[in-house]
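What follows is a single structure, written as structure tokens, with notes after it.
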Amino acid sequence: MNRSLSFKEYLNKKLLPYKIILPASLALITAIITAYSILIFYSDSDLSFARAISPHISTLIETQDGPELQRFITSVAKEKGIRIEIFDDKRIIASSDSTTTVGIPLKNIGMGILGIKTKISRDNLISTVKIKRDGGPANLNSNIRIFNPTFELFFMVMIISAIIFFLSFLILNILATKIISTAQKSIEPIKELEHSIRKLSEFGEVSLSNYMYIEELENIYNTILTTSSKLKRSNDNLAQAKAKELTVEAYKRLIHDLHTPVAALKQMIKIINKEGIPQDKKDFAKMRVAEIAEQILFQVTASKGNLKVDIDRKENDLNESVRKATGQAQMALTEVQNVEIVEKYDSSIKSFLHDNMMLGRAISNLVVNAIEASKGQVEVVVKKINKEISIAISDDGEGIKQEDVSLFLQGRGKSKKKNGVGIGLSSANHIIRLHGGKIIYRKSHLGGACFDIRM
Amino acid sequence: MKKIVLGTTFTALVLIGGFYHQQTKHVTSYVEIPYIKAVYSKPVTYDPAQMNDGASLIFSELVYEGLLRFTETYGIQAGIAKSWETSKDGKTLTFILKNNAKFHNGDKITAFDVVASLSRMVAPESKVFKYYDMILGASDYHSGISKSVSGIKASNDHTVTIELKNPFPPILYVLAGGTAKVLPAKLLRTKDFFKNPIGSGPFSVAKIDKIDIELRRFENYHGKKPHIKSMILRAVDQTTAMQEAKEGKMHDLSSWPLSGLEDVFKEGQDFSTVVADTWIIGFNTRIAPLNDIKVRKALKQSIDSEKFRKTFYPSAAQANGYVPTGFPGYIKNESPIQQEEIPKHSPITITIPEGLDKTNEIATFFETTLKKKGWKIKTEVLSWPEMMKRYEDKTLQTFLVSMIVDYPDTEFLLNNFASSNPDNYSGIKDKLIDSLLTSARGLQDRVKRFDVYKKLANRIETLALSANLFHSKPHYWIHKCVKGFKPNLLAVAYIDYRKVSFDNSCLEEASK
């Protein structure tokens, strides 16, 4: 993945093609224009030179003075750095630089260029002029051909183009650097703004500073301020709504949580009143009735006093709390007969800072849910994992879809059951969170759900 | 004007082969191998004042040096002279000599050497007097009236002045030419000087034997020294030369104007160029029946030049007149043929030089074609030195030669027909020609002078003094490993061998 670029790097990257393409285009255009201008200049100069020497050459041809013609063109060609050929309608009569071309048949060479009378070959500009002079023979049928080396010309064009490229590249670079530094300066307030926004998120407020001279940034800042104050208001509203919701939740939870002890109470009373039950069991039931009644009273009192449900953590035996809560759940669901509950405790865990009542309530809820969901087996395991305490309640039921778990934990899931697994789970979640722990859901080794309380 | 090229030699092939073998055996470095140039004949003479043939001029340009030299394109450049100027009236030329110019024996060249050497050109025994006759006092000296040439003087050690009878700018060409060479004055009179000649040119003579002239680079040469260390001028006939070139034993065949179609061109460099020459069958009016203008005219017309050219020298240019292409007096268009009746005539002999690639075929060509037309014709083939001797004796009746322009001015070409010129091969004495020549010399106006030359050229054609065969457009064959060779538009003799060098990597490659 590409690293994100700084503003300067971004600008540099975006401007780079222009830094090359523009000077190159400028150089190319200049080269073409220069080359063409030089061609025109050379062409005119060569043609006019050829016309200038034409009368004298005409005399030399007329008087058939080959040697003088040869000497003349050799010396002027040498001086001008060109090659001169004199030819008639068939062959070369004289040549300034080669003693081997004289007398050979004429070849048509070079190609034309638009707007220029001179032809161009690979190495030369070739200007041809008909030889004549005032008062001379009407038709000498001879021509002067001047070969001007193009190397010099193209060298000149190359030099000029290179200079233009270099200069424009330099200017553009300076310009781009200037633009980038100005742009970078102009986004300094953005950094400040970023800083302000950070402060806003940290402290909820920010003081206006001196960057407010850029309209767009001012707008952003104002938008953030407005949004921030709106968010605050929404937050307050949300808190109020949440408070209400929690109150309702607490009632629901209380009602729900009362269901199990009351059911247990009912069961105990049944035992007391039922004939044929051994006396010791009846005595235990009586004792439990008193305990359950006390628990109910406590819960009601607690709910009365603080609907938000607080916990009161004390050093209590965790194993005992779990055992009690499991037993309570079991008793609450005596109609479910064929479920075996396996309990495993870790004897190394002695006392643990927790609210035994509230934690018991959370565990009861989870165990009840497990028994209801199970096909025949529920497992409650307490153990120490590293520094954490784990209380895992597993069943062999059908389990819950992973994506539904978080909904149930938040109390927003919809249960198929009458009393609703939703409230039980969310209540347990609430209690565990108050203990600073969390509930992890996973597939149980028994095949159903496993809710693992970690504290 | 000189007769040239068609020389052949006293060649003994076995000797050449043997010699070559001996030479190459000791070659250790390619840089040091001799540059071998084939020539159609050994120089007829080593004395510039006697030079009248191409082979001698080739030697002269390599070994001797004059005040001036020719460039490849008819121009003039410095030789021994550092600078020169012409007086306002055009009659006096002053030359300042280079300080570092030395002879091959190490002696410094002085103005007195120049005076002595140039005076020899107009001495009674000189064969080149005709080029120098406009120098003041030249005629008196030539005819023995005076003991020195009043027009040639040394003002001091390094300044020479030459005075002319009349302004005559082409004198500079003469001074740049193959005969105006400066030789050491004090040695000139020694008996055997020309057996082992000493000059101040880029090469000195190392050895002269029957076939080869071995030259060595002159290390104290006043100008830019040649690249090649040694050079051999080897006298062979054309067929042998081409064979040896094919075998890589020869580097330069520029003595022969080849057509470019020869086998030898399959490998090596081909320099096509023009030279100012006309190949002719010269008619000697001294010998009957050519003293009869009717015979000359009829013979001229009977010789089918175009057929000859197309058969033997197809790449050459058609010759319609005596003056070569590009010179005033050149006749551009063919004159209409009015077939004259062949008059009664005594037998005529055409002399053909030995050593041409197709000497015998050429002889047969003339004999058959002319006999067919009713001529009593006979041909003879002579060796080059023998032919040259008879040419000078004016005993050749009709003969095949190439007339080269010695200097880039028609004056020197046409004054060959002056009745006073001892070198006049035709022996014609025509008042009109003489008067036109005189009037041309006196004319400064280029156009007017040209008109005179035109008249002269036409007059020469009218008098039927030659059958003009063709103008050479030679192809020079040069070994593929030779660099810097540049043809000279004026003549083969003026090719600048100071610039020629070997491509060593090419030589190494070739030896593999």
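Please treat every number below as a calculation from the coordinates, not as lab data. Everything numeric here is computed off the predicted structure, so don't read it as measured data. Glycine gets a Cβ as well: all are built from the backbone with ideal geometry, and neighbour counts include every protein chain shown.
Sequentially through the stretch B:246-253, phi angles give Karplus couplings (6.51, -1.76, 1.60; θ = phi - 60°) of 4, 7, x, 8, 9, 10, 8, 10 Hz, Gly and Pro residues having no value and appearing as x.
Packing-based ranking of B:258-271, A:106-119 yields B:258-271, A:106-119, ordered from highest to lowest mean Cβ neighbour count within 10 Å. Ordered by the count of other Cβ atoms within 10 Å of each Cβ, fewest first, A:VAL380, A:VAL405 give A:VAL405, A:VAL380. Give me the base-10 log of I(q)/I(0) for the stretch A:1-83 at each q in 0.21, 0.22 Å⁻¹, Debye formula, one uniform scatterer per Cα, rounded to two decimals. So the normalised log intensities work out to -0.99, -1.03. FRET efficiency for the A:SER48 to A:SER75 pair, using the beta carbon distance and R₀ = 25 Å, is estimated at 0.85. Counted by neighbouring Cβ atoms within 10 Å, the residues A:SER348, A:SER58 run from fewest to most as A:SER348, A:SER58.
The distance between label points at A:ILE32 and B:LYS307 comes to 6.6 nm (points 7 Å beyond Cα on the Cα→Cβ vector).
Of B:LEU443, B:LEU97, how do they rank once you tally other Cβ atoms within 10 Å and put the fewest first? Mind showing how you got there, number by number?
Working: B:LEU443 14, B:LEU97 27.
By the 10 Å Cβ count, ascending: B:LEU443, B:LEU97.
Partner shielding of A:99-109 amounts to 5, given as the average count of beta-carbon atoms from other chains within 10 Å of each residue beta-carbon.
The label-point distance for A:LEU353 and B:SER83, in a model that sets each label 7 Å from Cα toward Cβ, rounds to 11.9 nm. Computed over chain B, the P(r) tail beyond 29 angstrom holds 51 percent of alpha carbon pairs.
Rg over Rh for the protein assembly as shown works out to 1.56, both radii taken from alpha-carbon positions and Rh defined as the Kirkwood radius. For a straight C-alpha distance cut-off of 26 angstrom, the lysines reachable from A:LYS232 (same-chain residues fewer than eight places away being disregarded) are A:LYS191, A:LYS199, A:LYS242, A:LYS244, A:LYS308. Would you mind getting me the FRET efficiency between B:THR364 and A:PHE166? Use the beta-carbon distance for r and R0 = 60 Å, nearest 0.05. Taking R0 as 60 Å, the efficiency between B:THR364 and A:PHE166 is 0.20. Computed from the C-beta positions of A:GLU343 and A:LEU238, the FRET efficiency with R₀ = 60 Å rounds to 0.90.
Could you bin all the Cα-Cα distances of chain A into 20 Å bins starting at 0 and give me the percent of pairs in each, rounded to whole numbers? It works out to 17, 23, 14, 12, 11, 13, 8, 2, 0, in whole percents. Modelled label positions at B:ALA206 and A:ILE224, each set 7 Å beyond Cα in the direction of Cβ, lie 9.9 nm from each other. Averaged over the residues of B:265-274, the number of partner chain Cβ atoms lying within 10 Å of the residue Cβ comes to 3.
The orientation-averaged projection of the convex hull spanning the C-alpha atoms of the stretch A:311-455 amounts to 7.8 square nanometres.
Which value does Rg/Rh take for the stretch A:7-175 over its C-alpha atoms, Rh per Kirkwood? Ratio of gyration radius to Kirkwood radius for the stretch A:7-175: 1.21. For the stretch B:435-512, the normalised intensity computed at q = 0.11, 0.15, 0.19 Å⁻¹ comes to -0.59, -0.77, -0.93 (log10 of I(q)/I(0), Debye sum over alpha carbons, equal scatterers, no solvent). Database remark: amide H of B:ILE350 closer than 5 angstrom to the amide H of B:LYS378, B:THR379, B:GLU380 (H placed geometrically; neighbours at sequence offset of 5 or more, or on other chains; Pro and chain starts carry no H). Compared with the dominant Cα axis of chain A, that is its longest principal axis, helix A:356-373 is turned about 80°.
For A:LYS119, the lysines whose Cα falls under 18 Å of its own Cα, not counting residues fewer than eight places away in the same chain, are A:LYS107, A:LYS130. Of all lysines in the structure, those lying under 17 Å Cα to Cα from B:LYS210, and not within fewer than 8 positions of it along the same chain, are B:LYS37, B:LYS42, B:LYS195. For chain A, the longest principal axis of the Cα atoms and the long axis of helix A:150-186 meet at an angle of about 30 degrees.
With a threshold of 18 Å on the Cα-Cα distance, the over-threshold entries among A:LYS314/A:LYS350; B:LYS344/B:LYS376; B:LYS294/B:LYS429; B:LYS165/B:LYS448; A:LYS80/B:LYS473; B:LYS294/B:LYS344 are B:LYS165/B:LYS448; A:LYS80/B:LYS473.
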